[in-house]
Amino acid sequence: MLPEPLTIRGDFLGCQVFFLPAACGAGNIDRILRRILGAGARMVTGFNTDVQHDGVVLHVETEPRKGAGIETTVYRLGAVVHKFKSSYRALLNSRDFSDEELMRRLETQHRHVIARIRAGEIKFPSPLSNPS
């Protein structure tokens, strides 16, 4: 038997929250959610890219956030070295909203931050040197 969704209204923008028993196992969660939400359901996730700049590998991650935000975070060796945030609230409240348009905005912001890194527009702290 599948769990019943709990619909939350208000600041969570009508998200559905599901409580799945731990016995479901990680491999079954996607299958269960697709069955609950429908075969065509998909979740807007985000983008991850490793970028080489000045001999340093940076990990760039762009994701949708609650409150209709888009957040791009740049990591070096696991530490956050830059963040860029924007909002898609106007899109969310318009008739033009779709998962495809949200994905387009995520990708545009992701590519913009990568382009700024490659152009040297975003400055990062120098890496820590190892004491001899």
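Since every read-out is calculated from the coordinates, none of them should be taken as a lab result. Just so we're clear, the structure is a prediction, and the values are computed from it rather than from any experiment. Glycine gets a Cβ as well: all are built from the backbone with ideal geometry, and neighbour counts include every protein chain shown.
Just a few scattered comments:
- When the inverse distances between all different Cα atoms of segment 47-118 are averaged and flipped, the Kirkwood radius reads 12.8 angstrom.
- Residue-wise HN-Hα coupling along segment 83-94, computed from phi with Karplus coefficients 6.51, -1.76, 1.60 (Hz; x: Gly, Pro): 9, 9, 10, 9, 10, 10, 4, 4, 5, 4, 8, 9
- Taking label points 7 Å from Cα along the Cα-to-Cβ direction, residue 85 and residue 99 give a separation of 2.6 nm.
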